[in-house]
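Here is the structure we will look at, set down as structure tokens.
The values are calculated or read from the model by the stated rules, or taken from the named source; none is laboratory data. Since this is a predicted model, take the numbers as computed values, not measurements. Methodologically, a virtual Cβ is constructed for each residue, glycine included, from the backbone with ideal geometry; neighbour enumeration extends over all protein chains shown.
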Amino acid sequence: MIVFSFSDYKAIGQAILESGENTAGEFEIKTFGNGELYCDVATNVDGKECAVVCSLVAGTELQSLLLSHTLKLLGAKKVTLIASYLGYMRQDKREPGRSMGSIWTGALMRSSGIDEVITVDLHSELAGKNLEIPIRSLVSTPVFAEAIGYFIDQDTMILAPDDGALEAARRISDALPNKLPVNHLNKVRTESGVTVTANGKVSSRVIMVDDILDSGGTLVAACKVLRGLGVKDVIICVTHGQFVGTKWQELFEIGVSKIFTTDSLPKIPSHDKIQIVSLSSIF
Ligand code: R5P
């Protein structure tokens, strides 16, 4: 396979390169004066299987689609999009008058010649179905299970901020040498923000598991509830850290002592309480 890695995903790209008899592909994404993208591929891909290593994330999504399309145009036999973060998947359910980003993304992928998608902690099974393209979602579980070992004491539990993240929370517990209690909070998102309520007893130390930290609003609302219930310490494990705006910084004022996040996305803020754990080992 010829592996075309975008520069922000070199570590994952290197892991994929080393996982088999693969070679690195050379390409460059450029822009005309008016900002229109074009793409030059310097590696012969005729009849070859190719992988594009990237994230499908707002702002650069067209780059990976254009590269995929170009590879197919140049004769690639198969194009696999390896997107450590697959954006737009939160638009997975029909809501009156609202777009369906997951269906749209699938249409764009198919028309860009993508044959298969590999991602990590896909937002939901439904989003995967909406893509109408073969997809494999790897799990970050081993990476987080290893990271949190040091923080577990006798009164620790794993919590998901909503029921959507419960399965990931359970998987982490199952991967530990001794399972921990697992539960989820109840989350309601309205136009005016996120409301979270507890769902039973909580431990004094909580490991909170979610797939995405975008603005941090969900986790801030969850941690405020936990604080009100007397929780002393919260450790966050979030796969895709976007850290948009400044809201997430409130987490450190309401009991969060550590955020573990992965390298599925670039530009993780540098902060002594944020630790990046690499996904390289799962590829
Ligand atoms: C929602 O379903 C996701 O799993 C995340 O909880 C959510 O998207 C995070 O967004 P924010 O950080 O802006 O609350």
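Only one of the numbered conditions (1) modelled with pLDDT of 95 or more; (2) out of contact with any Ser or Thr (no Cβ under 7 Å at 6 or more places or on another chain); (3) more than 17 Å from residue 211 (Cβ to Cβ) is violated by residue 180, and that is (2). Just one of (1) away from the ligand (no atom under 12 Å from the Cβ); (2) at pLDDT below 95 fails for residue 206. It is (2). A single entry from 73, 66 fulfils the requirement of being touching a strand residue (DSSP E or B) at 6+ places or on another chain (Cβ under 8 Å) and within 30 Å of residue 130 (Cα to Cα): 66.
Starting from residues that are farther than 30 Å from residue 40 by Cβ and within 15 Å of the ligand (Cβ to nearest atom), keep the ones in region 90-107 and report whichever is surrounded by the most Cβ atoms within 10 Å (Cβ to Cβ). Don't jump to the end; show me each part of the working.
Keep residues of region 90-107 that are farther than 30 Å from residue 40 by Cβ, which gives 90-100, 102-103.
Of the ones still in play, those that are also within 15 Å of the ligand (Cβ to nearest atom) are 90-93, 95, 98, 102.
Working: 90: 15, 91: 19, 92: 21, 93: 12, 95: 8, 98: 9, 102: 25.
Per the stated criteria, the residue is 102.
Tell me the residue from 244, 206, 194, 234 that is assigned to a strand (DSSP E or B) and in contact with an Asp or Glu (Cβ under 8 Å, 6 or more places away or on another chain), please. So that I can check it myself, show each step before the final result.
Numbers: 244 fails: assigned to a strand (DSSP E or B); 194 fails: in contact with an Asp or Glu (Cβ under 8 Å, 6 or more places away or on another chain); 234 fails: in contact with an Asp or Glu (Cβ under 8 Å, 6 or more places away or on another chain).
The match here is 206.
Condition check: at pLDDT 95 or above and more than 15 Å from the ligand (Cβ to nearest atom). Does residue 119 satisfy that?
Values: at pLDDT 95 or above: yes; more than 15 Å from the ligand (Cβ to nearest atom): no.
So residue 119 fails the test.
Do you know which residues across region 108-136 are aliphatic (A, V, I, L, M) and surrounded by 14 or more Cβ atoms within 10 Å (Cβ to Cβ)?
Kept after step one, since they are aliphatic (A, V, I, L, M), are these residues of region 108-136: 108-109, 114, 117-118, 120, 122, 126-127, 131, 133, 135.
Once the filter is applied, which keeps residues that are aliphatic (A, V, I, L, M) and surrounded by 14 or more Cβ atoms within 10 Å (Cβ to Cβ), region 108-136 yields 108, 109, 114, 117, 118, 120, 122, 127, 131, 133, 135.
For region 187-196, the set of residues classified as out of contact with any helix residue (DSSP H, G or I) (no Cβ under 7 Å at 6 or more places or on another chain) and either at pLDDT 95 or above or among the basic types (Lys, Arg) (or both) consists of 189 only.
Out of curiosity, is residue 228 exposed (fewer than 13 other Cβ atoms within 10 Å of the Cβ), away from the ligand (no atom under 15 Å from the Cβ) and without any contact (Cβ under 8 Å) to a residue 60 or more places away in the chain?
Details: exposed (fewer than 13 other Cβ atoms within 10 Å of the Cβ): yes; away from the ligand (no atom under 15 Å from the Cβ): yes; without any contact (Cβ under 8 Å) to a residue 60 or more places away in the chain: yes.
Yes.
Remark: pairs (first residue in region 199-224, under 18 Å from residue 172 (Cα atoms) and hydroxyl-bearing (Ser, Thr, Tyr); second residue within 6 Å of the ligand (Cβ to nearest atom) and modelled with pLDDT of 95 or more; Cβ separation under 6 Å; 6+ apart in sequence or on different chains) are absent. Evaluating residue 79 against the criteria (1) in contact (Cβ under 8 Å) with a residue 24 or more places away in the chain; (2) under 17 Å from residue 264 (Cα atoms); (3) in contact with a strand residue (DSSP E or B) (Cβ under 8 Å, 6 or more places away or on another chain) leaves one unmet condition, (2).
Hey, does region 144-157 have a residue that's within 24 Å of residue 83 (Cα to Cα) and among the charged types (D, E, K, R)?
So the first thing to find is which residues in region 144-157 are within 24 Å of residue 83 (Cα to Cα), and the list is 144-147.
If we keep only those that are among the charged types (D, E, K, R) as well, we get 146.
The answer is yes, given that some residue of region 144-157 is within 24 Å of residue 83 (Cα to Cα) and among the charged types (D, E, K, R).
With respect to residue 238, is the statement that it is in contact (Cβ under 8 Å) with a residue 60 or more places away in the chain and buried (at least 16 other Cβ atoms within 10 Å of the Cβ) true? Working first, answer last.
Numbers: in contact (Cβ under 8 Å) with a residue 60 or more places away in the chain: no; buried (at least 16 other Cβ atoms within 10 Å of the Cβ): yes.
Against the criterion (in contact (Cβ under 8 Å) with a residue 60 or more places away in the chain and buried (at least 16 other Cβ atoms within 10 Å of the Cβ)), residue 238 does not qualify.
Determine whether residue 145 is modelled with pLDDT of 95 or more, within 13 Å of the ligand (Cβ to nearest atom) and closer than 20 Å to residue 280 by Cα. No, not satisfied.
Taking the criterion of being more than 15 Å from the ligand (Cβ to nearest atom) and crowded, with 22+ Cβ neighbours inside 10 Å, would at least one residue in region 178-201 satisfy it? No, region 178-201 contains no residue that is more than 15 Å from the ligand (Cβ to nearest atom) and crowded, with 22+ Cβ neighbours inside 10 Å.
Of 114, 82, all but one fail to be out of contact with any Cys (no Cβ under 9 Å at 6 or more places or on another chain) and more than 16 Å from the ligand (Cβ to nearest atom); the exception is 114.
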